[in-house]
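Remarks on the structure that follows.
The values are calculated or read from the model by the stated rules, or taken from the named source; none is laboratory data. Not measured: the values here are computed from a predicted model. FYI the Cβ positions are ideal-geometry reconstructions off the backbone, even for glycines, and counts take in every protein chain you see.
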Amino acid sequence: MSGAPEREYVLARRVLLDALDALGGHRDACVLVGAQAVYFHTGPSDIAVPEHTTDADLAIDPRILEASPLLGPTLIAAGFRASGRPGTWLGNEDVEVDLMVPATLGGGGRRGARIPPHDNNAARKAKGLEAAIEDWATQRVASLEPDRDHRSHVIRVAGPAALLVLPASQNRRETAKRATSAARPASPPCPWRALRPRAVETNPHQSSPLP
């Protein structure tokens, strides 16, 4: 994909930055996963899939998640709305931000993550994310509209190995979400593209929070 990104991708990045703004100190417990993380590793490619995505997925490491402020009220105060589905928050123009916890760390229950004192619907459990909270590097996530939005955050982005072990069900979920969007036809994320990384400035971690 070349040239300026299309409007839906600009909006998706803006809403991701809105979420990162709102999460504040909780950002240290978040890892960007899903298609946005894949494309951070790959950049331009000869494979015909979009270089950006129309939502955002954040894995949360509950072992280092702070008790305060509470996730739900914090996101609501920043203008996000609960979707009615655990962990899915709606930002500007209903762009989705998904907060997910590795299933093995999410406690009991079927869908909502049990990460007290946070509400059971603030994040959901998802299989296959365990590697993402161990295999990551920091990258700067910046606005796609630099002329009007100068925001950026240095956050954890899942590494290629972690993205490769995301289950097929996660990829099907991503495809289904894109299929329901009127913005463009669905294009499934392709984690294998992460095996062809572009040159980016990263800081490989040693299982420690961001400074």
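Of the numbered conditions (1) crowded, with 17+ Cβ neighbours inside 10 Å; (2) free of Cβ contacts under 8 Å to residues at least 60 places away in the same chain, GLU96 satisfies every one except a single condition; which is it?
It is condition (2) that GLU96 fails.
Taking interchain pairs and intrachain pairs at least six residues apart, which have beta carbon atoms under 7 angstrom, with the first residue in region 146-167 and over 27 Å from GLU134 (Cα atoms) and the second of a type outside the set (A, V, I, L, M) and modelled with pLDDT under 95?
ASP149/ARG14; ASP149/SER143; HIS150/SER143
Among the residues of region 146-183, which ones are small (Gly, Ala, Ser), assigned to a helix (DSSP H, G or I) and at pLDDT 55 or above?
ALA161, ALA162
Can you name the residue in region 118-148 that is basic (Lys, Arg) and touching a Pro at 6+ places or on another chain (Cβ under 8 Å) and is also nearest to GLU96 (Cα to Cα) among such residues?
Among those that are basic (Lys, Arg) and touching a Pro at 6+ places or on another chain (Cβ under 8 Å), it is ARG124.
Could you list, in sequence order, the residues of region 71-88 that are surrounded by 15 or more Cβ atoms within 10 Å (Cβ to Cβ) and either more than 16 Å from ARG13 (Cβ to Cβ) or over 16 Å from the mean Cα position of the chain (by Cα) (or both)?
Those that are surrounded by 15 or more Cβ atoms within 10 Å (Cβ to Cβ) and either more than 16 Å from ARG13 (Cβ to Cβ) or over 16 Å from the mean Cα position of the chain (by Cα) (or both): LEU71, GLY72, THR74, LEU75, ALA78, ALA82, SER83, PRO86, GLY87, THR88.
Right, LEU129: at pLDDT below 95 and of a type outside the set (Phe, Trp, Tyr) or not?
Taking the combined requirement at face value, the residue satisfies it.
Residue by residue through region 151-165, note down the ones that are of a type outside the set (A, V, I, L, M, F, W, C) and out of contact with any Lys or Arg (no Cβ under 7 Å at 6 or more places or on another chain).
Selection gives ARG151, ARG156, GLY159, PRO160.
Among the candidates ILE155, ILE64, which residue alone is among the aliphatic types (A, V, I, L, M) and more than 30 Å from PRO5 (Cβ to Cβ)?
Result of the check over ILE155, ILE64: ILE64.
Restricting to region 113-127, name every residue that is crowded, with 21+ Cβ neighbours inside 10 Å and not hydrophobic (A, V, I, L, M, F, W, C).
HIS118, ARG124, LYS125
List the strands (runs of 3 or more DSSP E) inside region 48-124, counting only whole elements, that have at least 2 residues being among the aliphatic types (A, V, I, L, M) and modelled with pLDDT of 95 or more.
Those strands (runs of 3 or more DSSP E) span 56-60, 96-102.
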